[in-house]
Amino acid sequence: MEESSREEPSTAPQVRKTIVNPYKPYTADRIQKDIEQLCRRYSGLITQYAIGLSTQGRLIFCVTLGHGRKKGCIVSGIHAREHITSSFSMRCIEELAEAYQNNEWYGEYNVRQLLQEYTLYFVPMCNPDGTGIAVNGAQPLVYGQDFRPDEYKLNGNGVNLNRNFPYNWENQYTHQTTVPGDEKYAGARAGSEKETQAIMSLCAEENFAWLLDMHIVGNGIYWRDEMNGPIEGDSRLRDAITERCGYRYFGVSSDVTIYSGGLENWFRYTYHRPALCIEMVPYEQAQRVETYIGLNDFFEEAVNWPLTKYTYLEAMVSG
């Protein structure tokens with residue numbers, strides 16, 4: 001009898017293809033597709049829903065990860081050219097979800113335990129219109145005098161969203177200009193922008209223990225401002241993240257004309273809870289490229305991934 005040539009089935013573990021590719025800058029369409037895939041693969045652990053529409057009518061998504069009663073909020077991509085923060089958060093979502101599903105530790109962190117205590121609320125692309133301008137060369141509704149798509153920081157209306165929140169908005173330096181499209185432009189009024197309103201509504205609906213606002217250049221953390229003063233737990237959260245994740249931290253923000261209208265400053269004032277602005281990319285990495293879009297080409301080096309990948313875990317442990 002002729003022997004069968006059929007091979008025995010392999011018993012080697014099957015490695016699933018990852019969904020998130022942080023080496024390719026996200027657009028609004030691609031991040032929506034990846035979010036949908038993550039929700040299908042990790043059904044019951046990851047959910048998504050729209051929290052509003054952008055100025056140009058694009059959906060702004062919130063992605064939840066975990067089952068816990070405690071809640072943390074993470075906002076990425078509020079500045080258009082800082083889209084690598086969206087890539088960072090999306091990769092964190094996928095890797096933490098996989099560790100949870102496989103009941104594996106992530107470094108020294110028991111992910112399953114933490115995500116049974118916490119639910120993380122990610123807004124992975126707060127500014128989809130601006131991101132489309134910075135990544136794809138889409139057109140804003142308003143052009144500034146020095147418009148460069150790859151350096152674009154604003155939303156589709158030409159407003160700096162991180163100067164648009166209703167916290168001492170009338171005092172800030174951005175009122176040196178009333179011209180939409182200038183990167184210092186704070187908007188026609190406090191909270192004028194749809195993207196700002198979407199974040200404010202999310203925070204009003206959920207009882208967040210802390211908020212992280214992800215930015216890129218400086219490899220440091222802004223954690224307190226003089227007008228808000230000390231907030232219970234702010235220095236503990238600051239110390240834990242800096243010590244574990246390779247950041248430094250800056251002094252207490254003292255110039256109200258600079259930090260007014262900022263997301264984290266507004267959150268501290270409104271909810272009296274810690275909020276950090278995290279600048280991820282060391283200056284020497286940012287200086288390797290002419291425009292921020294090039295940072296994705298060496299993603300892990302750019303964001304110091306071996307250390308910073310623990311940022312959200314440390315926030316859960318210490319927040």
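Details
- Residue ranges of helices (runs of 4 or more DSSP H) in region 227-280 with at least 2 members surrounded by 15 or more Cβ atoms within 10 Å (Cβ to Cβ) and modelled with pLDDT of 95 or more: 234-245, 263-271
- For Gly191, the test of being at pLDDT 95 or above, surrounded by 15 or more Cβ atoms within 10 Å (Cβ to Cβ) and either polar (S, T, N, Q) or in contact with a helix residue (DSSP H, G or I) (Cβ under 8 Å, 6 or more places away or on another chain) (or both) is passed.
- Residue among Leu154, Leu202 that alone is under 30 Å from Val317 (Cβ atoms), modelled with pLDDT of 95 or more and open to solvent by less than 50 Å² (accessible area, probe 1.4 Å): Leu202
- If you filter region 107-137 down to residues that are under 20 Å from the mean Cα position of the chain (by Cα) and part of a strand (DSSP E or B), you find that the one that is farthest from Gly44 (Cα to Cα) is Val123.
- Residue satisfying condition, being modelled with pLDDT of 95 or more, out of contact with any helix residue (DSSP H, G or I) (no Cβ under 8 Å at 6 or more places or on another chain) and either open to solvent by 60 Å² or more (accessible area, probe 1.4 Å) or of a type in the set (S, T, N, Q) (or both), within set Gln14, Gln37: Gln37
Conditions (1) in contact (Cβ under 8 Å) with a residue 60 or more places away in the chain; (2) over 28 Å from Tyr106 (Cβ atoms); (3) polar (S, T, N, Q), marked per residue:
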position: Gly233; (1), (2), (3): yes, no, no
position: Arg236; (1), (2), (3): yes, no, no
position: Ser254; (1), (2), (3): no, yes, yes
position: Gly262; (1), (2), (3): yes, yes, no
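- If you go through region 287-297 and keep only what is touching a residue at least 60 places away in the same chain (Cβ under 8 Å), surrounded by fewer than 18 Cβ atoms within 10 Å (Cβ to Cβ) and part of a helix (DSSP H, G or I), you end up with Ile293, Asp297.
- Some residue of region 169-179 being open to solvent by less than 10 Å² (accessible area, probe 1.4 Å) and in contact with an Asp or Glu (Cβ under 9 Å, 6 or more places away or on another chain): yes
- Residues that are in contact with a Ser or Thr (Cβ under 8 Å, 6 or more places away or on another chain) and farther than 25 Å from Pro124 by Cβ do occur in region 207-225, at least one of them.
- Any hit, region 205-221, residues being free of Cβ contacts under 8 Å to residues at least 60 places away in the same chain and open to solvent by less than 60 Å² (accessible area, probe 1.4 Å): yes
- Residue in region 44-54 that is in contact with an Asp or Glu (Cβ under 6 Å, 6 or more places away or on another chain) and crowded, with 16+ Cβ neighbours inside 10 Å present: yes
- Scope region 70-83; condition of a type in the set (Lys, Arg) and not in a strand (DSSP E or B); matching residues: Arg81
- Within region 147-196, tally of residues that are of a type in the set (Asp, Glu), in a loop (DSSP other than H, G, I, E, B) and closer than 14 Å to Ala134 by Cα: 1
- For region 13-69, a residue qualifies if it is part of a loop (DSSP other than H, G, I, E, B), over 22 Å from Arg81 (Cα atoms) and not charged (D, E, K, R), and the qualifying residues are Pro13, Gln14, Val15, Thr18, Ile19, Tyr42, Gly44, Leu45, His67, Gly68.
The values are calculated or read from the model by the stated rules, or taken from the named source; none is laboratory data. Quick caveat, the model's predicted, so the values are computed rather than measured. Here the Cβ is made from the backbone with ideal geometry for all residues, glycine too, and neighbour counts use every protein chain on show. What goes into the accessible areas is simple: the full protein's heavy atoms, side chains included, and nothing from ligands, DNA or RNA. Shrake-Rupley method; radii C 1.70, N 1.55, O 1.52, S 1.80 Å.
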